[in-house]
1. For region A:170-254, run through the trypsin sites (Lys or Arg not before Pro) and keep only the ones in DSSP coil with at most 13 other Cβ atoms within 10 Å of their Cβ.
2. Taking θ as phi - 60°, what are the ³J(HN,Hα) couplings along region A:243-254 by the Karplus curve (6.51, -1.76, 1.60), each to the nearest whole Hz, with x for Gly and Pro?
3. Quick one: grab the alpha carbon gyration tensor of chain B, order the square roots of its eigenvalues as a ≥ b ≥ c, and give me rounded if a/c is under 1.5, else prolate or oblate depending on whether a/b is larger than b/c.
4. Could you tell me what a quarter of the Cα convex hull surface of region A:304-345 works out to, in nm² with one decimal place?
5. Counting other Cβ atoms within 10 Å of each Cβ, which chymotrypsin sites (Phe, Trp or Tyr not before Pro) in region A:297-395 have at most 12 and sit in a DSSP loop?
6. For region A:1-118, compute Rh as the Kirkwood radius over C-alpha pairs and then the Stokes-Einstein diffusion coefficient at 4 °C and 1.567 mPa s; write the answer in µm²/s, rounded to an integer.
7. Quick check on region A:246-373: take the gyration tensor over C-alpha atoms, sort the square-rooted eigenvalues as a ≥ b ≥ c, and tell me if it's rounded (a/c under 1.5), prolate or oblate.
8. Between Rg and the Kirkwood Rh of the protein assembly as shown, both from Cα atoms, what is the Rg to Rh ratio?
Amino acid sequence: MKWPSLGAIASVAYKEFLHIYRDRRVLLLLLILPPIFTLLFGHAFEASEVTAVGSLLVNRDNTPLTQQFIDIVSKNKTFQWWKESPDIKSESDLLGHGVQAALVVPAGWSDSLTNGDPKPLLLYLDGSDTNTATALEGSIQQSLGDFQLKERDSMIETLPEEVFELGKKLPVQVRKQFVSMMTLWTVDGKILYNPKSRFIDYVVPGIIGLILQLLTVTLMACTIARERESGTLYQLMVTSLQRGEIVIGKILPYLTVSICLVVVIMALSWWHFKVGFYQPPVLALICLLFLLCSLGLGLLISTFSRTQTQAIQFSVFFLLPVFVLSGAFAPLEQLPQAIRYVSELFPLTHFCRAFRLVNMYHAGPRFYIVDLVVLLAGALITFIGAAFLLKRIEQ
Amino acid sequence: MTEPVIVLNHLSKSFGAVNAVQDLSFTIAPGTIFGFLGANGAGKTTTMRMLCGLVNPASGKAAIASYDVWKDRHLARTKFGYVAQRFSLYRDLTVLENFRFFGGACRVPGTQLEERIGRLLGLTDLEKERDTAAGSLSGGTRQLLALGCALVHDPPLLFLDEPTSGLDPVHRQQIWNLLYDLSHQGKTIFVTTHYMDEAERCTEVGFIESGRLLAKASPRSLKSTFRARLLEIDIEPLMPALVRLRNLPDVLGVSLRSGSLRIYAPDPEKLMANWRKSWPFPDLHLLGERWVEPDMEDVFTAYSQGYDSVLKRSTS
């Protein structure tokens, strides 16, 4: 086997480039989709907290104290309240009211608070979306806590002098403990690695990876399948081209296009979302390895698909789990341990992890070298696999 | 005698239970226009693909210019051009781009490429269409382009798989004129075809049936393998006569040619003598009779239908 010739590779690459250039629909897709996806996904994942959830508020306890609580709850941005008359009977029919939660203040609630036997508030939650339900309950709990704190402060202010006199007779240690119990214990949180706490900074590698994975795998998967479908593969094989030359020549134009796409997406994230990029050469290396891995995967799919339709179907079957399990948009830690092993098989997982380690953690190479090695190994395995399968087509 | 360009030595290939090609052995001398004839599925394309190194022979060997067609296929491929049965150039590329691509892929040196493409554009009469996408060319011009691309590395041998099927007579003639020119330049041409008139144009013809080679000789000597003279009769009404005669025990087959019937029979003289004595079909009118020279179609029919008794089984 001779060394691949540059001239032969250039012929294949130029031909492949003409295919992309002549197929106006694909060209349009390549030019328009990445920026649109970036804007769409960027804004979609911008705010990660739940706001303005339509909710029902039924107050059956019309007293000034309750009104104070209602005032606090009304300021809670999590909810968009619809006040209903206290006579309503169907407060648990969330679907019928078109809301996701209903808060009911039972009759005699404020009296029960002052009588030393506090009644609970009633909260109906739409549990179909587990994340929202817990967020809503937590939010109500917090408003209630605020209300309770305020009530406690005003109660302390209005305590009769005798209580303080009595207090002074207590041992110092007990008094200190009592004071400590009366103040709110706090956590002094310092947020590292993402000081602005912006989700967009986290999700940018996910967006880059997702778009590139989608385009590279599907486009690449079609290249050899298309030649097989149109019969040109035989014509290609009776030339003096070696398999290596065909594979490299086919990869090059798609690699060039993908690199342009990475630049476009990064520029847009920087300009529109003010996402910063740390150590660009390292990020470029991560992107390159990821692209090679994805293109190799597409090529592999291409070599065992008989038609372009099959190639697209295989690509979709491969890409579906990748999108959900790769940790592109949510931390892998949310997944059970067993599933996480599956995630490790996807190039997108390693790409996102390495990209975040560099760009958010500003981590040193020893933290992400494993991911780079995995991506490189993936690229090599898929290329060799594709060349091997291409050899099988000959027989 | 010069070295043969193609040597087949007990070449065989089967796909599952189907024996596509069985034990083919023959040689083709340089400068030959070899016509490979056979029905669909007879093994023509499989043989050609094995020779092109696209299919791995199950057993036996073949060589092109003394390179093994499988083991040394990369070297063998520098010696031939291949025009597939289906149009298989890049439809979205222009004529010129197709030429350039195949030139680069066949490692034609850049300094020679433009000059050679210019010559091939002239040869295939595609000068005016150089910037047209290959997909928008008509069937005939597409085939000319495919032929041109197969010649881009100036190979001494050309494989053509049914190059004229589905073409109009004008383009068929054009393709054949081109093949004659190439043959005149000393190139060897290996062509499969269904058309018997095209078989007559070859300098040598091979018949393949169910993967076996039945005969291989020049068209003239193949015709001389016809043992008996061939009986042709004019009869009316034509179609009922064809069906009735075909079913006679002394007749192997009947074929219709320009309004007359050709009778393939082991002993046509005796048959005709009997008919002169007493014509057995009162409702059919025998209008005339003559003895004719068999053409390639008659020879092919006899070989492919296994009418052994009308063939001399010695030559070939």
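What follows is calculated from the coordinates using simple rules that are stated; it is not laboratory data. The shown structure was predicted, so the numbers you read here are calculated from the model rather than taken from an experiment. Don't worry about glycine lacking a Cβ; one is built from the backbone with ideal geometry, like all the others, and counts go over all protein chains shown.
1. Listed in order of number, the matching sites are A:Lys190, A:Lys196.
2. For region A:243-254, the Karplus curve yields 4, x, 5, 5, 4, 5, x, 6, 6, 3, x, 5 Hz.
3. Prolate.
4. 3.4 nm²
5. Loop-located and lightly packed - none at all.
6. 64 µm²/s
7. oblate
8. When Rh is taken as the Kirkwood radius, the ratio is 1.26.
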